[in-house]
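Written below as structure tokens is the structure these notes are about.
The values are calculated or read from the model by the stated rules, or taken from the named source; none is laboratory data. Nothing here was measured: the structure is a model prediction, and the numbers come from that model. FYI the Cβ positions are ideal-geometry reconstructions off the backbone, even for glycines, and counts take in every protein chain you see.
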Amino acid sequence: MRTALVTGAAGFIGSHLVDYLLAAGWRVRGIDDLSAGTMENLREPLRSPDFEFTEGSVSDERGTAAVAAGATHIFHLAGRVGAMYVERNPEQTVLEAIRATRTVLAVAGATRVPLFFASTSEIYGDSAVQPLAEDADIIIAPPANPRSAYAFAKGVGELLVNEYARRTEGPVVLGRLFNTIGPRQSGQYGLVVPRFIGWARDNQPITIHGDGRQTRSFSAVGDVVRAIVATLTTSAAHGQTINIGSDQETSIGDLAATVIRVTGSSSVVRYEPYDSVHGHGARDIRRRVPDTSRLRELIGRDCATPLESVIRSIVEAPVDTSVGGSV
Ligand SMILES: NC(=O)c1ccc[n+]([C@@H]2O[C@H](COP(=O)([O-])OP(=O)(O)OC[C@H]3O[C@@H](n4cnc5c(N)ncnc54)[C@H](O)[C@@H]3O)[C@@H](O)[C@H]2O)c1
């Protein structure tokens, strides 16, 4: 029987991954320090005899090794996300991520089980070449901007994982996740979709930073966890860096309009200059659309659920994780 170790199991994507693996017949061990995740996200898995949860930091090598004993696959998703957290804690963002990744690599190295590392589209920065392909140079904002800490942390994480794979020939997948959305995502740390939905539900103005014409590609969390599992269980994907996301591009203005339509809200949209929110000289990323051809070649599909369906699934979800919600 396949047994997964999921780090960051009580978080947004981690908890959906746990659900998916259990439904597919895996045994699952989850670890999370609950710094951002909640036990509420694991309410269903905790009823299953095939799920075990440990509260603790992945940086603790002994604790993580104990949880990982017997795992056949490791999914490393633990890490701090959200611009608001990163801007306030740039040093911790980088150092904690490096510690956690080194620990996971030590644990994976002892058994050589396949390892998935959750990286991010943020490391493409403000690239002029779109769609973004995996072999392109990465672009990181100046280190004087504390927000760049997230991309630096993931970039160093990728370097450590690549180095591990070269040294040990251990099977790894580096998944660069693009904006992933769905039920249970918290708006607490500045993530755009849960914040917009929270404001729309309260009929409060929806504030867009910048002119609203900047675009992103949003993927349904269900599509993303399917892709994560499919890549790690496909040997042709081992050793590869793979964009995981949708290539449907949406402007932030259209996103706000979709949220207002789906929620039936009377919210108005207002705009604030980007650098008045994020500091003088800060620039937003204008476009971010993945080249998903590698993902499609490897697993036969990308993340194709239409945005409006995903927004609807969030609005109709029983647990309110929007700003000021129950998280
Ligand atoms: N959500 C997205 O759009 C997106 C995009 C790109 C990459 N990612 C990556 O995917 C992963 C999951 O993101 P998410 O959106 O589910 O975030 P999340 O904050 O909901 O989940 C991360 C989880 O990791 C836990 N955690 C943090 N540090 C830990 C540590 N040292 N030890 C144990 N647990 C720890 C948190 O408590 C949280 O439950 C992250 O690595 C993130 O960088 C997410």
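One residue alone among 237, 317, 256 is modelled with pLDDT under 95 and of a type in the set (A, V, I, L, M), and that residue is 317.
Taking the criterion of being among the β-branched types (Val, Ile, Thr) and either in contact with a Leu (Cβ under 8 Å, 6 or more places away or on another chain) or at pLDDT below 95 (or both), the residues of the stretch 265-314 that qualify are 277, 285, 289.
Quick check on the stretch 98-111. Is at least one of its residues touching a Leu at 6+ places or on another chain (Cβ under 6 Å), within 23 Å of residue 186 (Cβ to Cβ) and within 13 Å of the ligand (Cβ to nearest atom)? For the stretch 98-111, residues touching a Leu at 6+ places or on another chain (Cβ under 6 Å), within 23 Å of residue 186 (Cβ to Cβ) and within 13 Å of the ligand (Cβ to nearest atom): present.
Screening the candidates 200, 220, 227 for the property of being modelled with pLDDT of 95 or more, more than 16 Å from the ligand (Cβ to nearest atom) and hydrophobic (A, V, I, L, M, F, W, C) yields one hit, 200. Inspect the stretch 68-83 for any residue being closer than 26 Å to residue 156 by Cα, away from the ligand (no atom under 14 Å from the Cβ) and polar (S, T, N, Q) and give the result as yes or no. Yes - at least one qualifying residue is present in the stretch 68-83. Note on the stretch 239-263: among residues that are aliphatic (A, V, I, L, M) and in a helix (DSSP H, G or I), the one that is surrounded by the fewest Cβ atoms within 10 Å (Cβ to Cβ) is 257. The condition of being closer than 20 Å to residue 228 by Cβ and of a type in the set (Asp, Glu) holds for only one of 44, 61, 55, that being 44. With respect to (1) of a type in the set (Asp, Glu); (2) surrounded by fewer than 18 Cβ atoms within 10 Å (Cβ to Cβ); (3) in contact with a helix residue (DSSP H, G or I) (Cβ under 7 Å, 6 or more places away or on another chain), the lone exception for residue 126 is condition (3).
Before we move on, is residue 164 among the aromatic types (Phe, Trp, Tyr) and either within 16 Å of the ligand (Cβ to nearest atom) or outside any helix (DSSP H, G or I) (or both)? So residue 164 fails the test. Contact map, the stretch 37-49: residues that are under 12 Å from residue 11 (Cβ atoms) and touching a residue at least 60 places away in the same chain (Cβ under 8 Å) paired with residues that are more than 10 Å from the ligand (Cβ to nearest atom) and not small (Gly, Ala, Ser), Cβ distance under 9 Å, separation 6+ or inter-chain. Pairs shown: 40/319; 41/18; 41/319. Of all residues in the stretch 29-56, those satisfying the criterion of being buried (at least 18 other Cβ atoms within 10 Å of the Cβ) and within 15 Å of the ligand (Cβ to nearest atom) are 29, 30, 31, 32, 33, 36, 37, 38, 41, 42, 45, 53.
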